[in-house]
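Here the structure comes first, spelled out in structure tokens, and everything after it is commentary.
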Amino acid sequence: MNSGIKKFFSATELRFGLPFLLAFATIPAVALSALLSSCGNGSSAHSMGDPTVGTLVTEGNMTVGRSLHTATLLPTGEVLLVGGGTPDQLATRTVEIFDPRTGQTRTAAEMNVARADHTATLLPDGTVLIVGGLGPAASSAEIYEPATGTSTLVGPLTEPRSDHAAVLLESGEVLILGGDTSGVGATPTAGAELYDPFTRTFASTGRMSMPRVPYGVVRLNDGHVLVAGGTTTGKRVLASAVIYDPRMGQFTSTGSLLSARRKHAGAILADGTVLIMGGTASASDSVVLNSTESFDPAQGHFQPAPPMRSARYKFTAVFLDNGSLLVAGGSRETVEVFDQRTGQFMAVANGQQGLRLFPTATLLSDGSALIAGGYSGNGSQPTLWRYTP
């Protein structure tokens with residue numbers, strides 16, 4: 001095995017707790033048993049007779065299997081699917097575009113750099129900022145222009161990054177925070193930087209209180225950004241939370257999570273509170289959570305919230321036009337829906353499609369949602385699903 005492949009496996013093992021190599025052979029026993037039994041944190045098994053909301057159907061396939069990729073809704077209503085790991089490549093430069101009118105994807109121009117575990121952010125001008133990733137990609141960024149099918153390198157970053165988060169601010173700048181600076185998952189950073197879309201340059205901004213590989217990062221209604229939980233040096237799982245103030249360019253501490261967690265998801269609700277869901281409570285991923293908690297920005301503290309139907313990690317969530325929250329991946333029950341009116345998680349018709357880890361979920365202009373890829377025991381998958389409320 002060459003040194004580059006060894007570095008990739010080392011990085012993903014440090015980052016995700018389960019060697020990505022094994023994902024292409026079999027789901028590790030620890031993670032699988034955690035998903036099936038929830039490790040005492042709530043059952044993952046539910047009656048097939050449970051009430052359902054909406055339907056999940058297979059839409060087709062991408063041109064390649066993808067996980068640790070990104071999916072970005074474009075102004076045209078199409079979805080830009082970028083990079084990720086595939087069964088044949090540890091990271092890929094390939095790009096494809098999903099057309100919701102035909103239910104099919106088409107190949108698009110490739111990126112300059114092969115990327116997996118990067119970020120992609122739609123900018124106000126319709127271009128997409130793609131930042132970092134594992135391995136050599138950690139030091140670079142590029143602007144992808146869907147209209148012309150061209151990609152231009154920008155930057156450089158103030159420090160290399162993979163496993164980071166990116167948030168579009170009200171100013172049009174992009175906040176890029178945390179992650180790993182080594183490109184192999186060994187060195188979390190407390191640093192953050194801002195991308196200026198006018199100058200196409202990056203500049204340092206405030207630092208978090210400790211190095212952090214972040215998950216579930218959410219922009220609040222007042223423009224501040226909440227960062228709760230994650231992993232710090234030595235793969236220690238965090239309960240602490242910080243808030244970034246764009247006007248001051250600084251992070252300040254706020255209340256701590258009730259349960260330390262990583263590989264979780266977060267979403268802002270209609271009332272302005274933030275729902276933090278699932279994840280794992282240990283560096284070994286032996287405890288997979290179905291618990292959730294709610295953060296009140298006005299009070300600055302977390303409190304218990306209704307549990308998910310299934311314990312989940314390495315998953316995603318997206319809001320629907322009807323105000324519900326679609327949760328996708330990280331469990332054998334592929335999807336479930338949080339109904340804000342009842343405050344409960346609901347089953348989805350045909351929703352048990354099997355385990356997918358690190359898929360993407362994107363709200364489409366017709367109110368449905370596209371779920372793409374993710375990895376399982378057979379490696380990264382090309383499957384596309386469509387959820388209809």
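The values are calculated or read from the model by the stated rules, or taken from the named source; none is laboratory data. Just so you know, these numbers come straight off a predicted model, no measurement behind them. No Cβ is skipped: glycine too gets one built from the backbone with ideal geometry, and neighbour counts run over all protein chains shown.
Just to be sure before I move on: is residue 363 under 21 Å from residue 70 (Cβ atoms) and either without any contact (Cβ under 8 Å) to a residue 24 or more places away in the chain or in contact with an Asp or Glu (Cβ under 9 Å, 6 or more places away or on another chain) (or both) in the structure I sent?
Spelling it out, residue 363 is indeed under 21 Å from residue 70 (Cβ atoms) and either without any contact (Cβ under 8 Å) to a residue 24 or more places away in the chain or in contact with an Asp or Glu (Cβ under 9 Å, 6 or more places away or on another chain) (or both).
Would you be able to tell me the number of residues in region 209-229 that are in a loop (DSSP other than H, G, I, E, B), without any contact (Cβ under 8 Å) to a residue 60 or more places away in the chain and over 17 Å from residue 121 (Cα atoms)?
The number of residues fulfilling the criteria is 4.
Specify the residue that is farthest from the chain's Cα centre (by Cα); the eligible residues are those in region 333-389 that are charged (D, E, K, R) and surrounded by fewer than 16 Cβ atoms within 10 Å (Cβ to Cβ).
Here the answer is 341.
All but one of (1) surrounded by fewer than 19 Cβ atoms within 10 Å (Cβ to Cβ); (2) assigned to a strand (DSSP E or B) hold for residue 156; state the number of the condition that does not hold.
(2)
Given the condition within 22 Å of residue 210 (Cα to Cα), modelled with pLDDT under 95 and either within 19 Å of the chain's Cα centre (by Cα) or of a type in the set (Gly, Ala, Ser) (or both), answer yes or no: does some residue in region 291-314 qualify? Don't jump to the end; show me each part of the working.
First, pick out the residues of region 291-314 that are within 22 Å of residue 210 (Cα to Cα): 295, 297, 300-302.
Within this subset, residues satisfying the condition of being modelled with pLDDT under 95 are none.
The answer is no; no qualifying residue exists.
Give region 187-201 a look and list any residue that's outside any loop (DSSP other than H, G, I, E, B) and either buried (at least 22 other Cβ atoms within 10 Å of the Cβ) or of a type in the set (D, E, K, R) (or both), or say none.
188, 192, 193, 195, 196
Report the residue count in region 132-153 for those that are part of a loop (DSSP other than H, G, I, E, B) and either of a type in the set (Lys, Arg) or within 24 Å of residue 216 (Cα to Cα) (or both).
Residues meeting the conditions: 4.
Condition first: β-branched (Val, Ile, Thr) and either within 19 Å of residue 300 (Cβ to Cβ) or surrounded by fewer than 22 Cβ atoms within 10 Å (Cβ to Cβ) (or both). Now tell me which residues in region 257-287 satisfy that.
Step one: of region 257-287, the residues β-branched (Val, Ile, Thr) are 268, 273-274, 276, 280, 287.
Those that are β-branched (Val, Ile, Thr) and either within 19 Å of residue 300 (Cβ to Cβ) or surrounded by fewer than 22 Cβ atoms within 10 Å (Cβ to Cβ) (or both): 268, 273, 274, 276, 287.
Select, from 97, 130, the only residue that is under 21 Å from residue 59 (Cα atoms) and of a type in the set (A, V, I, L, M, F, W, C).
97
Being surrounded by fewer than 23 Cβ atoms within 10 Å (Cβ to Cβ), farther than 20 Å from residue 177 by Cβ and not hydroxyl-bearing (Ser, Thr, Tyr) is the requirement here; does residue 225 meet it?
No.
Could you grab me the full set of residues in region 113-131 that are closer than 17 Å to residue 217 by Cα and small (Gly, Ala, Ser)?
120
Restricting attention to region 348-384, and to residues there that are of a type in the set (Ser, Thr, Tyr) and assigned to a loop (DSSP other than H, G, I, E, B), which single residue is nearest to residue 315 (Cα to Cα)?
Of everything passing the filter in region 348-384, 368 is nearest to residue 315 (Cα to Cα).
Scan region 84-104 and give yes if some residue there is surrounded by fewer than 16 Cβ atoms within 10 Å (Cβ to Cβ), modelled with pLDDT of 95 or more and within 26 Å of residue 177 (Cα to Cα), otherwise no.
no
Mind checking which pairs have a first residue in region 252-269 that is part of a strand (DSSP E or B) and a second that is modelled with pLDDT of 95 or more and of a type in the set (Phe, Trp, Tyr), Cβ under 6 Å, 6 or more apart or different chains?
262/215; 265/315
May I ask you to list the residues in region 34-77 that are modelled with pLDDT of 50 or more and either over 16 Å from residue 372 (Cβ atoms) or acidic (Asp, Glu) (or both)?
If the condition is that a residue be modelled with pLDDT of 50 or more and either over 16 Å from residue 372 (Cβ atoms) or acidic (Asp, Glu) (or both), then 48, 49, 50, 51, 52, 53, 54, 55, 59, 75, 76 are the ones that fit.
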